[in-house]
1. Could you go through region 4-15 and let me know if any residue there is open to solvent by 10 Å² or more (accessible area, probe 1.4 Å), within 19 Å of the chain's Cα centre (by Cα), within 26 Å of E97 (Cβ to Cβ) and within 14 Å of the ligand (Cβ to nearest atom).
2. Just wondering, is there one or more residues in region 197-212 that are over 26 Å from R98 (Cβ atoms) and either among the small types (G, A, S) or open to solvent by 60 Å² or more (accessible area, probe 1.4 Å) (or both)?
3. Any chance region 27-40 includes a residue that's under 26 Å from E97 (Cβ atoms) and more than 15 Å from the ligand (Cβ to nearest atom)?
4. Do you know which of the residues in region 50-60 that are closer than 19 Å to L104 by Cα and either open to solvent by less than 60 Å² (accessible area, probe 1.4 Å) or free of Cβ contacts under 8 Å to residues at least 12 places away in the same chain (or both) is farthest from the ligand (Cβ to nearest atom)?
5. Please go through region 80-95 and pick out each residue that is farther than 20 Å from D49 by Cβ and more than 15 Å from the ligand (Cβ to nearest atom).
6. Can you find even one residue in region 132-151 that is open to solvent by 10 Å² or more (accessible area, probe 1.4 Å), among the aliphatic types (A, V, I, L, M) and at pLDDT below 90?
7. Only one residue in L81, L96 is crowded, with 17+ Cβ neighbours inside 10 Å and modelled with pLDDT of 95 or more. Which one?
8. I'd like the full set of residues that are within 24 Å of R116 (Cα to Cα) and out of contact with any strand residue (DSSP E or B) (no Cβ under 7 Å at 6 or more places or on another chain), limited to region 212-240.
Amino acid sequence: MSKEQILVIEDEKDILSMVRLRLESRGFHVFTAESGELALQWLAEHNPDLILLDLMLPGMNGLEVLKHIRTDQNLAKIPILIVSALGEESDVVVGLERGADDYLSKPFNMSILMARVNALLRRSKPEIENKPTPPQKKSSEDSDDSILFGLLRIDLKRYHVFVNDKQVALTSTEYRLLLTLIASKGRVLTRNQLIEEAIGNDAIVTDRTIDVHLTSLRGKLGSARNLIETVRGVGYRFRL
Ligand code: CA
């Protein structure tokens with residue numbers, strides 16, 4: 001069905017062939033590179049729809065590859081999914097802050113990989129190609145001002161948040177964090193990105209502070225708390 005091109009940059013042959021097989025079975029055109037140098041050579045003449053990037057590579061490492069891609073005008077907008085071993089979270093954080101879109105840790109489940117790939121491809125499509133996806137409109141009188149995610153409803157005009165139709169009282173920081181996560185739904189945001197976007201750089205905020213706000217926010221969301229996912233050692237993601 002799909003003819004999107006995916007470049008997989010990965011030096012572990014087993015993983016590479018497994019990923020290739022799965023992606024090809026879903027109709028993607030898959031190209032592979034076993035080093036960053038080979039990937040950049042290929043990218044000089046091709047423009048794939050998505051890149052899967054391993055961080056630990058022989059020679060040029062994944063973060064350097066990412067930097068080259070993001071500073072190249074022709075490639076800057078291609079969604080990048082970092083695939084990396086556990087224990088490399090600090091590199092993953094750097095990667096996300098340098099413009100990678102999402103992160104998956106090894107060993108990973110193939111269906112989760114497919115979900116991430118599809119989410120990134122959906123996000124990168126121009127608006128007109130998108131089906132009317134959430135935020136869904138609510139068919140009440142204030143429909144235009146409300147967004148709905150399962151049990152969670154947000155009245156954007158009045159800054160009210162409801163779970164199961166019961167209003168929950170959020171602090172303004174919690175509210176801004178929630179909207180920031182929703183605006184990037186499906187992507188991992190690092191703590192620094194949340195600080196920059198939801199709180200502002202002038203404030204003195206530590207990673208720990210963000211965790212405290214997020215814990216409080218999730219607590220208040222109650223049965224809708226799982227909409228916000230903790231990505232261990234890396235940051236947070238609002239589920240698609
Ligand atoms: Ca590797």
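1. no
2. Step one: filter region 197-212 for residues over 26 Å from R98 (Cβ atoms), giving 212.
Checking the rest, the ones that are also either among the small types (G, A, S) or open to solvent by 60 Å² or more (accessible area, probe 1.4 Å) (or both) come to 212.
Yes, because at least one residue in region 197-212 is over 26 Å from R98 (Cβ atoms) and either among the small types (G, A, S) or open to solvent by 60 Å² or more (accessible area, probe 1.4 Å) (or both).
3. Yes, that holds for at least one residue.
4. L50
5. Here is the first cut: in region 80-95, the ones farther than 20 Å from D49 by Cβ are 84-94.
Listed by number, the residues that qualify are E89, S90, V93, V94.
6. No - not one qualifying residue is present in region 132-151.
7. Checking each option against the conditions leaves just L81.
8. Of everything in region 212-240, those that are within 24 Å of R116 (Cα to Cα) and out of contact with any strand residue (DSSP E or B) (no Cβ under 7 Å at 6 or more places or on another chain) turn out to be R225, N226, R232, G233, L240.
The values are calculated or read from the model by the stated rules, or taken from the named source; none is laboratory data. All values reported here derive from a predicted model rather than from experimental measurement. Using ideal geometry, Cβ is built from the backbone for each residue, glycine included, and neighbour counts are taken over all protein chains shown. To get the accessible areas, we keep the full protein, side chains included, count just its heavy atoms, and leave off ligands, DNA and RNA. Shrake-Rupley method; radii C 1.70, N 1.55, O 1.52, S 1.80 Å.
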